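Data block below; observations after.
The values are calculated or read from the model by the stated rules, or taken from the named source; none is laboratory data. Fair warning: this is a prediction, and the values are worked out from it, not measured in the lab. Note that we place each Cβ from the backbone using ideal geometry, even for glycine, and neighbour counts take in every protein chain shown. Side chains included, ligands, DNA and RNA excluded: accessible areas come from the protein's heavy atoms. Shrake-Rupley method; radii C 1.70, N 1.55, O 1.52, S 1.80 Å.
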Amino acid sequence: MLKSYFTIAFRNLAKRKFYASINIIGLSIGLTSCLLIVLYIHHELSYDTMHTKADRIYRVGLNTKFSEQELMTTTTCPPLAFTAVEEFPEVENATRIFPFFEDQTIRYDETSIAEKRVYFADSTFFDVFSFQLLAGDPTSALTKPNTLVITEEMAQKYFGNEPALGKTLLVGDGKVPHQVTGVVENLPSNVHFHFNMLRSMASLELSRNEGWGSNNIITYLLLHEGVERAPLEVKLPGLVEKYVGPEIQQYM
């Protein structure tokens, strides 16, 4: 009986080829669109799930108001991260990144390339995020000044099949020597920030600025397991008032 149903269906399709073609093409487009939408939604929902501590990592934002002007930004002052670790028992660890918005010239032997996505990062970066190091020690890779971690793709670009660890790259217009202390696995597309190179935050004088009025570093807090975000959010304005208030009074 099933065979006869198929026979009748094919006969009807053969009789009405034009309308059959429209229906088949429409069905194909509809199924393809649904599949693409499902894949897109799955990709969007998978952002940053590669990090084993993803459910405990929070980026700190800044919401300020001057007269009638309100400003919201994802950057904060340099001392906030580790002051939060010291003063809030809910915070297990913290890390900061500082992205270059201009290309950085990187040199090795005769190779000179203007690189994008060059960041500074704290030594605690790999304690918070789960980016996989293929070479180097994640606990010490970014502890010393003038050291850096590069991606697997970048290591291949500059050093080919030679080991990148311990090699020296000249960074910036000043051609400052930086030692490669780590090679990280190429980043997946579903992370909210991408880097080609991480320079040690110890090399950045700005990171040692103790002022609370300069907001130019991105701060991430890692909460202890079982800690809710909401109570900590209530405390953060008090921390800002404690340290920013005296600076404002002194300035005024």
Open item on the list: Taking 10 °C and 1.306 mPa s as the conditions, I'd like the Stokes-Einstein D for the chain in µm²/s, using the Kirkwood hydrodynamic radius from alpha carbon pairs.
Closed with: 72 µm²/s
Task: Selected from ILE25, HIS42, GLN249, residue furthest toward positive end of dipole (the chain; charges at beta carbon) - done: ILE25
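Go through the stretch 157-213 and name the trypsin sites (Lys or Arg not before Pro) that are in a DSSP coil and have 14 or fewer other Cβ atoms within 10 Å of their Cβ.
On the way: sites: LYS157, LYS167, LYS175, ARG199, ARG208; in loops: LYS167, LYS175.
Passing sites in the stretch 157-213 are LYS175.
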Open item on the list: Helix-only estimate, please: 222 nm mean residue ellipticity of the chain, summing -39500 (n - 2.57) across DSSP H runs of length 4 or more and dividing by its residues, to the nearest 500.
Closed with: -11000 deg cm²/dmol
- [ ] Check each of the chymotrypsin sites (Phe, Trp or Tyr not before Pro) in the stretch 110-156 and keep only those in coil by DSSP with at most 13 other C-beta atoms within 10 angstrom; list them in order.
- [x] none
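Got a number for carbon plus sulfur as a percent of the chain's accessible area, 1.4 Å probe?
Numbers: 8880 of 15710 Å².
Taking all protein chains in place, the chain shows 57 percent carbon and sulfur surface.
Which helices pass in the chain if a helix is a full DSSP H run, must span at least 18 angstrom along its long axis by Cα, and must have mean Kyte-Doolittle hydropathy not below -1.0?
Long hydrophobic helices here: 2-15, 17-45, 229-251.
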Open item on the list: Can you compute the charge dipole magnitude of the stretch 43-194 about its Cα centre, using +1 on each Lys and Arg Cβ and -1 on each Asp and Glu Cβ, nothing else charged? Give it in debye, rounded to the nearest 20.
Closed with: 240 debye
Open item on the list: Restricting to DSSP loop positions (anything but H, G, I, E, B) with no more than 16 other Cβ atoms inside 10 Å of their own Cβ, which GluC sites (Glu not before Pro) remain in the stretch 108-198?
Closed with: GLU110, GLU185
Task: Accessible area in square angstrom per residue, the chain, 1.4 angstrom probe - done: 62 Å²
